[in-house]
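The values are calculated or read from the model by the stated rules, or taken from the named source; none is laboratory data. Being a predicted model, the structure only gives us computed values, none of them experimental. So basically every Cβ, Gly included, is an ideal-geometry build from the backbone, and we count neighbours across all protein chains shown.
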Amino acid sequence: MLKKKLVMIGNGMAGVRAIEEILQANPDMFDITIFGAEKYPNYNRIMLSPVLAGDTTVEDIILNDEQWYADNGITLHMGKRIKEIQRGYKKVIAEDGTEAEYDNLIIATGSDPFIIPVPGHDKDGVMAFRDIDDCDKMFAAAKKYKKAAVIGGGLLGLEAAKGLLNLGMEATVIHDQATLMNMQLDSVAGEMLRADLEEQGMHFKVSTLTTEVMGDKRVSGLKFKDGSSLDCDLLIMAVGIRPNMALAKDSGIYCNRGIVVNDYMQTVTDPAIYSVGECAEHRGIAYGLVAPLFEQAKVLAYQITGQGLKAYQGSVVSTKLKVSGVDVFSAGDFMGGPGADVLELMDRVGGVYKKLVLEDDKIKGVVMFGDTADGPTFFQWMQDGKDVSEQRSSLLFSASGLGDSGHSGIDLVSAMADDTIVCGCNGVSKKDVVDAIMTKGLTTRKEVTSCTKAAGSCGGCADLVDQLLASTLGTAFVESDHEPICGCTDLNHEQVKEQIKTKKLTMVREVMNVLEWKGEGCQVCRPAINYYIGMLFPEDSEDDRSSRIANEKMHANIQKDGTFSVIPRIYGGETTPDDLIRIATVAKKYDVPTVKITGGQRIDLLGVKKEDLTAMWKDLDMPSGFAYGKALRTVKTCVGSKWCRFGTQDSTSLGIHLEKRLDRIWFPAKVKFGVSGCPRNCAEATIKDIGIVGVEGGWEISTGGNGGVHVVATELLCIVETAEEVEEVSKAYLQHYRETGRHNERTAPWQKRVGLDSIKALVVDDLESRKALVARMDAYIATQDQDPWAARVADAEKEQLNKFSEYKRIDIPVRVEA
Amino acid sequence: MGNATAAWIEVCKLDEIPPSQARTVNAGDTVIAVFRLTDDRVKAIENRCPHKHGPLAEGIISGDDILCPLHNWRIHLDDGVVAAPDEGCVKTYPVKVEDGQVFLSL
Ligand code: SRM
Ligand SMILES: Cc1cc2nc3c(=O)[nH]c(=O)nc-3n(C[C@H](O)[C@H](O)[C@H](O)COP(=O)(O)OP(=O)(O)OC[C@H]3O[C@@H](n4cnc5c(N)ncnc54)[C@H](O)[C@@H]3O)c2cc1C
Ligand code: SF4
Ligand code: FES
């Protein structure tokens, strides 16, 4: 199929994020061409402030290097500015004449810094702070000049001033309002911020309007409205941005404050053309922070790849300042007009100020200075509309409650709700981070960033991510510290089970897709996944026969020559002459080569041809013995008190009863019972998964034995009085095993791994928990109501061969002569 | 097609092979396993593992490979070649599906 042509104008943060989302949704849908006016691949513009401040380097802030574009088959034109969109011909033309045709076009041209048109604004040494080139210019200026002025006391201006200060220049910030960052801070926090920055060497002129830039060719100073002036030889204007929409406007696309788009990021003028990022105006707003832009990118990708309709609803934003040593956080409507319900905490010595504006016990806005650790939590609660009346008295000391040992951080993150957004820029929740750490075995922040994007944009959440790493690995490391299931995945049994559970995955194939399996699965992982799904969602999942090993798929044990064996249930090893006659008759009728009494007290018909299986089971009309399955095999019994002169308990009846109850249940591995009537233990109960031994007045239940490869004797679980209790404890034990056992792990190693004491606590001592386990087991048993062979026989009679049709013989002529 | 040696023989309906599983077809003494892959493509190879003659039809299909049910050798269904470290090769047969009908050529 011919791919559609997708062209994007602008190679910046929002646009390239949209491309990433598109590639993730459908890597093969588009031939992609990107034009970027800057001569760099996509980089993290946000981090220009730390670059300027010397905290990181340009190389370190590249988000997608040229190799990335090549790997994804994207044609990249760096340093080429598009000058014209010819909508009639569906093509774009760059300043150097390069052209590209499109089926779909994305305009992601970002914004232009606003330069106040005061007289002299075009002199040398007057500049904005927007891109790498600007950074380079400032580096160069700092070597030659000494006095910098920054107009604009907002986020960007303060970050620029701090950078210049670090470069060894004098820096004065001129702000037209009284309060710094007045869009984000109230006057109290603004004052604290100013004091803090003054201490770091920054100068301020607030409530001051600039009227003229002085100098000959190069700026030499500023004149202000109050008549005062300031000498400077470098001037940064950081007074705001304007959506970069001239190109769109010239090609007839409707623009207002920005390029007007609908809820799907399509321009309202031309459905083939989309716009995303700072240049786009959605419901009257053009955003200037990355978090909402990344949300827009998601929606755009969803729409353009045809996944359906997902509307962008607009965003609530929060702000952090990235100047080192100053912690500022703000969100929402933090001013709190007259009569507002305001909580405030002020610690002048400690330099901490927190203010929450409440309305009907819900957070409406927040400003924090000095200690911003609870910022994300408050922001989450604000968005959730959480009622905080209960926490009210302690809220400002710590969202996670009083009495924790200071702000140890780790305590704080562990108390954080799962859905709290840790990385506001990329919308990454605590759960996303923790899951990635757990399932992908991450140990460094860098790995977390590359997997989840958390801490990948402004870096403000880097500490939180570190704390999450510490708290997650600290407690869970031991649990998750074992081998992956097999070579098809890096995940271990527990991780896969957890993912199936939380993501509600009900199909083997789905699990492999979602958990990024390498390849198509094998005989180790596929049956394991199938088991976990069936155990977790007995009612909402269907058994995947193609993921069962031959024995379980065929409901018969495969033999070395490809024939099968038939073992009907002989409950508790007790049979009747009629059953024996029936078995004998069938064995004769189908010419069964070997009839053997098994070590499990029943009869094995060996050497059966596949196509005879159905008919034999029909004639036998007995339940399947599950000799082939990770299921209950046999319940071996001795004759017990009914006949035996030493017998204290009726072991045979109990054994028969248990086998009938626990028939047809799938377990992590096969399960065998032994029930003996007295401690002489003729049923060899103490090397079975569950061994029950009759004693005077009761039964000893011991568990976790194995008579196979490594012989293990059972350990005593408990002593009970009645047969009912034996059933109850056995069911609870086995359900606990079903839920926590690893596929193909028998009870002996399982019991050793999880510990007999912990099993005892849940299965014996805690009656509530025992009841709950039994209830889950009973609910599961109810779903397993039909014997597999009875089902197969019924299907065959109705000629519904589909499900089990592999049993039917097909013959074709050996050679068709031409 | 039209080739005398490639006479197509009707085998069964595609529906009669359970999804991601196989059926065996007897051609005289030879047993052929016809696999229906996850995406409904069909492959046919002799139902006899080169190791100890395991019946391949009962194995687990993994992509375009079959895992022998007896000792888990991995055999590629296109060319019948056994994956390393094991060695060997199984005979493959041309097979096609038309209008939901599976045809085999010996
Ligand atoms: C038929 C029988 C031997 C017999 O003729 O007596 C038998 C036959 C097989 N056993 Fe067994 N075991 C039989 C009783 C036992 C017993 C004794 C018992 O159950 O009281 C044991 C030791 C007890 C135990 O399991 O702890 C036993 C320990 C094993 C083991 C080792 C298990 C372990 O955990 O170490 C295997 C291998 C495995 O499961 O991976 C095994 C595996 C097998 C398999 C299924 C081998 C296979 O995968 O093909 C054999 C199937 C042959 C078939 O097609 O019927 N069989 N096997 C017995 C069937 C009992 C039944 O009626 O269902
Ligand atoms: C110093 C600084 C610090 C910041 N700090 C933060 C912060 O802490 N948190 C936060 O959320 N946000 C911050 N921002 C804002 C954030 O960087 C922007 O919101 C974001 O980069 C906007 O993404 P965009 O893709 O819309 O635009 P851009 O990233 O600007 O990308 C647009 C690109 O399109 C190119 N272009 C324009 N016209 C054309 C054309 N005709 N042809 C070809 N190419 C063209 C431009 O050269 C540019 O490279 C900061 C910004 C700066 C400058
Ligand atoms: S050991 Fe077995 S046979 Fe002997 S008495 Fe006890 S139950 Fe009966
Ligand atoms: S017979 Fe196939 S692997 Fe042994």
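Of the residues making up the range B:51-67, just one is more than 9 Å from chain A (Cβ to nearest Cβ) and out of contact with any strand residue (DSSP E or B) (no Cβ under 6 Å at 6 or more places or on another chain), namely B:HIS51. For A:ILE759, the criteria (1) crowded, with 21+ Cβ neighbours inside 10 Å; (2) within 21 Å of A:CYS638 (Cα to Cα) hold in every case but one, which is (2). Considering the range B:5-21, the residues that are more than 7 Å from chain A (Cβ to nearest Cβ) and assigned to a strand (DSSP E or B) include one that is surrounded by the most Cβ atoms within 10 Å (Cβ to Cβ), namely B:LYS13. One residue stands out among those in the range B:28-75 that are within 12 Å of ligand 4 (Cβ to nearest atom) and of a type in the set (S, T, N, Q): the one that is modelled with the lowest pLDDT, which is B:ASN72.
The criterion of at least 1 residues that are within 16 Å of ligand 1 (Cβ to nearest atom) and closer than 30 Å to A:GLY600 by Cβ is met by the following helices (runs of 4 or more DSSP H) wholly inside the range A:463-581: A:525-536, A:550-554. Tallying residues that are of a type in the set (D, E, K, R), within 10 Å of chain B (Cβ to nearest Cβ) and over 21 Å from the mean Cα position of the chain (by Cα) within the range A:509-557 yields 6.
Of all residues in the range B:88-95, none are more than 18 Å from A:ASP561 (Cα to Cα) and facing another protein chain (nearest Cβ under 7 Å).
Close contacts from the range A:366-390, counting a first residue that is surrounded by fewer than 23 Cβ atoms within 10 Å (Cβ to Cβ) and aromatic (Phe, Trp, Tyr) and a second that is part of a loop (DSSP other than H, G, I, E, B) and modelled with pLDDT of 85 or more, with Cβ to Cβ under 8 Å and a gap of 6+ residues or different chains, come to A:TRP381/A:VAL388. May I ask you to verify whether A:ASP31 is without any contact (Cβ under 8 Å) to a residue 60 or more places away in the chain, in contact with a Ser or Thr (Cβ under 9 Å, 6 or more places away or on another chain) and of a type outside the set (A, V, I, L, M, F, W, C)? Criteria met by A:ASP31.
Within the range A:606-631, the residues that satisfy the criterion of being more than 15 Å from A:ASN551 (Cβ to Cβ) and either within 16 Å of ligand 2 (Cβ to nearest atom) or among the aliphatic types (A, V, I, L, M) (or both) are A:ALA615, A:MET616, A:LEU620, A:MET622. Identify the residue in the range A:313-366 that is part of a loop (DSSP other than H, G, I, E, B) and touching a Lys or Arg at 6+ places or on another chain (Cβ under 7 Å) and, among all such residues, is nearest to A:ALA280 (Cα to Cα). Checked the range A:313-366; the qualifying residue nearest to A:ALA280 (Cα to Cα) is A:GLY314.
Considering only residues in the range A:453-469 that are free of Cβ contacts under 8 Å to residues at least 60 places away in the same chain and buried (at least 23 other Cβ atoms within 10 Å of the Cβ), the one that is farthest from A:LEU289 (Cα to Cα) turns out to be A:LEU468. All conditions in (1) surrounded by 19 or more Cβ atoms within 10 Å (Cβ to Cβ); (2) within 11 Å of chain B (Cβ to nearest Cβ) hold for A:TYR571, with the sole exception of (2).
Scanning the range A:92-114 for residues that are surrounded by fewer than 19 Cβ atoms within 10 Å (Cβ to Cβ) and within 14 Å of ligand 2 (Cβ to nearest atom) returns A:ILE93, A:ALA94, A:GLU95, A:ASP96, A:GLY97, A:THR98, A:GLU99, A:ASP112, A:PHE114.
When each of A:LYS596, A:LYS642, A:LYS618, A:LYS589 is tested for being under 30 Å from A:GLY534 (Cα atoms) and either away from ligand 4 (no atom under 16 Å from the Cβ) or touching a strand residue (DSSP E or B) at 6+ places or on another chain (Cβ under 6 Å) (or both), the lone residue that passes is A:LYS618.
A:VAL709 passes all but one of (1) of a type outside the set (Phe, Trp, Tyr); (2) over 20 Å from A:TYR571 (Cα atoms); (3) modelled with pLDDT of 95 or more; which number fails? With (1) of a type outside the set (Phe, Trp, Tyr); (2) over 20 Å from A:TYR571 (Cα atoms); (3) modelled with pLDDT of 95 or more applied to A:VAL709, the lone miss is (3). Every condition in (1) modelled with pLDDT under 90; (2) in contact with a Cys (Cβ under 7 Å, 6 or more places away or on another chain); (3) more than 8 Å from chain A (Cβ to nearest Cβ) holds for B:ALA84 except the one numbered (2).
Any residue at all in the range A:612-627 that is within 16 Å of ligand 3 (Cβ to nearest atom), crowded, with 23+ Cβ neighbours inside 10 Å, closer than 17 Å to A:THR575 by Cα and touching a residue at least 40 places away in the same chain (Cβ under 8 Å)? No, that holds for no residue. Residue pairs whose Cβ atoms lie under 7 Å apart, separated by 6 or more positions or on different chains, with the first residue in the range A:43-54 and at negative phi and the second among the basic types (Lys, Arg), are A:SER49/A:LYS322; A:PRO50/A:LYS322; A:ALA53/A:LYS162.
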